[in-house]
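One structure follows; several queries about it will come next.
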Amino acid sequence: MNYKENQLAQERISVLGVGTWSMGGTNKFGLSYGNVEEQESIKAIHTLIKNGVNLIDTAPVYGADSASEKVVGMALQGGYREKVKIVTKFGNVNDPQTGKRVIDNSYDTIMKECEESLQRLQTDYIDYYLMHYPDPNVPIEETMRALNELKLAGKILHIGLSNPTQEIILEAEQYSQIEAIQLPYSMVNREQEELFKWCHNRGYFTMSYGSLGAGILSGAYRELPHFDEKDIRYTFYPFFKDPMFSRIQCLLKEMDKIAQIHHVPVSHIALNWVTQKDFISASLVGVANQDQAQENSQAFAFSLTDEEMLFLDQAIEKYL
């Protein structure tokens, strides 16, 4: 397993992180990644940790009744907690009156959500506590005040932002020490590349999510799939519908060429491409079972050459 240094926190963190969105099953908004098995998820987490992964990302909104956080909490019992850094989030909540998703980054909500997350995760502290999305109705000063108090109390160790704009980051910096940023990034989604570079230059620990494009960069989908209409791969990602799906198939054929040279699955090409970008500290990847966990853990037994990185960059420009 490869590691990168988080200079602000002075920690070595694996370039591969466990993304646990899919482990939550169907969430409270009726969206899911399909069927998941709790015990299989726990075994997958254990496999990743045994292979050197020390970063686990979750959130209360992942799964009905915050199932993902509960699974992570169960998986980390028996001596596993001390081996990993936990990332979780706040503010992406369900309006009790309308049942619709709202963003609430108010002081009271944060303090309440943190206590609930600690209970579900069965831990005394959260390593990285992230604002899930910016809240236009709550001053960032109020949000940061809550996080500063939680950090002072030792309930969280590091403050981070997920899905922020540059403006939000600069404003948050006025009130708190921001140490981590999480944004989407992959070979099929480079919209946040410039913001990632900017964050890296400021010394932030940067986490990419959606690093395998919801699975399409694993090479497992060579024909247009037919997921349930509420499947997250339809509702959150644009990759499984044409014309995007067909364009990605052209990219996959180019990735196949590099995969054949190294005798590895195409997913290993996608993961190396992300983590070999110097502005990415860690790549969050979901797994459904032990086999996927084992395969992803082995992705860094080789490195792409500069020529191969250039070849892939050019293919992305050509087809996407």
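The values are calculated or read from the model by the stated rules, or taken from the named source; none is laboratory data. Being a predicted model, the structure only gives us computed values, none of them experimental. Positions of Cβ are generated from backbone atoms using ideal geometry, with glycine treated the same way; all protein chains shown enter the neighbour counts. Ligands, DNA and RNA are excluded from the accessible area calculation, which covers all protein heavy atoms including side chains. Shrake-Rupley method; radii C 1.70, N 1.55, O 1.52, S 1.80 Å.
Can you give the Rg to Rh ratio of the range 118-234, both from alpha-carbon atoms, with Rh computed by the Kirkwood formula?
Ratio value, two decimals: 1.05.
Shifting gears a bit: Any idea what the relative contact order of the range 250-320 is, in percent, if you count C-alpha pairs under 8 Å spaced at least 6 apart?
Relative contact order comes out at 40 percent.
GNM, the chain, Cα, under 10 Å: largest mean-square fluctuation among Y62, Y125, Y221?
Looking only at Y62, Y125, Y221, the biggest GNM fluctuation is shown by Y221.
Related question: Using the alpha-carbon atoms, what tilt in degrees (0 to 90, nearest 10) does helix 266-275 show relative to the longest principal axis of the chain?
50
Right, next: Express as a percent, rounded to the nearest 5, the fraction of DSSP beta bridges in the chain (both residues included) that run antiparallel.
20
Quick one: net charge around Q290, please, counting Lys, Arg +1 and Asp, Glu -1 for every other residue with C-beta under 13 Å from its C-beta.
Local charge sum for Q290: -2.
Next question, about the same structure. Quickly rank 41-54, 189-202 as a protection proxy: mean count of other C-beta atoms within 10 Å, highest first.
41-54, 189-202
Quick one: if you stick a label point 7 Å off each Cα along the C-beta vector at E115 and R202, how many nm between them?
Inter-label distance under the simple model: 3.2 nm.
Mean separation of Cα pairs under 8 Å and 6+ residues apart, divided by the residue count of the chain: what relative contact order is that in percent?
20
Another question, if that's okay. So if the hydrodynamic radius of the range 173-320 is defined as the Kirkwood radius over C-alpha pairs, what does Stokes-Einstein give as its diffusion coefficient at 37 °C and 0.692 mPa s, in µm² per second?
204
Would you please put 306-313, 153-160 in order of how densely packed they are, using the mean number of other Cβ atoms within 10 angstrom per residue and starting with the highest?
153-160, 306-313
Let me check against my output: what whole-number percent is the relative contact order of the range 169-320, with C-alpha pairs under 8 Å and at least 6 apart?
26
Where does the chain land at 222 nm, in deg cm²/dmol rounded to the nearest 500, when only DSSP H runs of n ≥ 4 count, each adding -39500 (n - 2.57), divided by all residues?
Mean residue ellipticity at 222 nm (helix-derived): -11500 deg cm²/dmol.
Would you mind estimating how fast the range 142-192 diffuses translationally, via Stokes-Einstein at 10 °C and 1.306 mPa s with the Kirkwood radius over Cα pairs, in µm²/s?
132
On a 1.4 Å probe surface of the protein chains, which of E116, E317, E82 comes out largest in accessible area, and what is the full order?
Reading off the accessible areas and sorting them downward yields E82, E317, E116.
How far apart, in nm, are the 7 Å Cα→Cβ label points at M244 and N2?
2.6
Which value, in nm² and rounded to one decimal, describes the direction-averaged projected area of the C-alpha convex hull of the range 54-192?
9.0
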